[in-house]
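Worksheet for the structure shown next.
None of the figures in this text is laboratory data; all of them are computed from the coordinates on show. Model, not experiment: these values are computed from the prediction. Ideal geometry is used to build each Cβ from the backbone, glycine not excepted, and the neighbour counts take in all protein chains shown.
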Amino acid sequence: MPDRLLIVEDCAPIATALAGHLSGAGYLTTIAPDGERALEIIARERPDCILLDLMLPGISGMDVLKHVRADAATASVPIVLVSAQVATLELGGDVDVDGAVGKPFTKAQLVAAVKTALSKRRQAAS
């Protein structure tokens with residue numbers, strides 16, 4: 001069964017491009033246009049990986065990240081940041097993510113980041 005990915009992105013053209021690239025690579029995708037919907041989908045569907053923009057309307061991407069990591073049921077879900085802010089963000093410390101892709105991105109960068117995040121979490125679980 002293909003891995004289920006949640007794309008949390010408020011810009012519809014970018015969300016559609018992400019979904020297209022990842023569907024083409026064999027993943028099942030769902031799109032959440034904001035942090036509130038993302039948290040609802042995460043609680044209901046338990047995706048295998050989350051692609052998360054940081055700049056979202058309402059609940060920020062960073063708040064979504066903190067909520068996911070604080071919940072025992074979702075704490076181990078791989079999260080890949082997909083954001084224009086990746087270049088200026090220091091990963092580590094409070095930013096517990098499994099990968100990051102800066103905008104603009106290529107399909108190859110995106111798919112590689114998802115594969116690596118999924119693989120890393122699966123190795124940690126075994």
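Would you order I31, I14 from fewest to most other beta-carbon atoms within 10 Å of each residue's own beta-carbon?
On the way: I31 19, I14 16.
By the 10 Å Cβ count, ascending, the order reads I14, I31.
Near the amide H of I7, under 5 Å away, which other amide H atoms are found, from residues 5 or more places off or on another chain, if H is placed in the peptide plane?
T30, I31, A32, L51
Provide the net charge surrounding D53, with neighbours chosen by a C-beta distance below 13 Å and charges set as Lys +1, Arg +1, Asp -1, Glu -1.
Numbers: positive: R37, K103; negative: E9, D10, D34, D63.
For residues surrounding D53, the net value is -2.
Could you go through the stretch 71-80 in sequence order and give the Karplus-derived ³J(HN,Hα) for each residue, using 6.51 cos²θ - 1.76 cosθ + 1.60 with θ = phi - 60°, rounded to whole Hz, and x for Gly and Pro?
For the stretch 71-80, the Karplus curve yields 8, 4, 6, 10, 4, 9, 5, x, 10, 10 Hz.
Considering the values (1) 17; (2) 33; (3) 7, which represents percent of Cα pairs over 27 Å apart as calculated for the structure under consideration?
Correct label, based on the coordinates given: (3).
List, in order, the whole-Hz ³J(HN,Hα) value for each residue of the stretch 48-59 obtained from phi through the Karplus relation with A = 6.51, B = -1.76, C = 1.60 and θ = phi - 60°; use x for Gly and Pro.
Working through the residues one at a time gives 7, 7, 10, 9, 10, 7, 8, 8, 10, x, x, 6 Hz.
List residues of the stretch 24-59, by number, whose backbone nitrogen lies under 16 Å from a label position 7 Å along Cα→C-beta of K115.
Under cut-off, by backbone N: 24-28.
Taking only DSSP H segments of four or more residues, each worth -39500 (n - 2.57), what value at 222 nm results for the chain once the sum is divided by all its residues, to the nearest 500 deg cm²/dmol? Spell out each step's value before the answer.
On the way: 4 runs with 53 residues, N = 126.
Calculated mean residue ellipticity at 222 nm is -13500 deg cm²/dmol.
Could you work out the relative contact order of the stretch 4-125, using alpha carbon pairs under 8 angstrom and six or more residues apart, expressed as a whole percent?
Values: 193 pairs, mean separation 27.2, N = 122.
RCO, the stretch 4-125: 22 percent.
Through the Karplus equation 6.51 cos²θ - 1.76 cosθ + 1.60, θ set to phi - 60°, convert the phi angles of the stretch 18-34 into ³J(HN,Hα) values in whole Hz; use x for Gly and Pro.
4, 4, x, 4, 6, 5, x, 8, x, 9, 8, 10, 10, 10, 10, x, 7
Pick from A113, A32, A12: which is most flexible by mean-square fluctuation in a GNM of the chain where alpha carbon atoms under 10 Å apart are linked?
A12
What are the residues whose amide H is under 5 Å from the amide H of V82, where those residues sit 5 or more places off or on another chain and H is modelled from the backbone?
L52, D53, L54, V101
Mind checking which of G61, G35, G102 has the largest fluctuation in a GNM of the chain, springs on alpha carbons under 10 Å?
G102
So how strong a dipole does the stretch 4-125 carry about its Cα centre when Lys and Arg Cβ are +1 and Asp and Glu Cβ are -1, to the nearest 20 debye? Let's see the in-between values first.
Details: 12 positive and 14 negative charges, 109 e Å.
Computed about the Cα centre, the dipole is about 520 debye.
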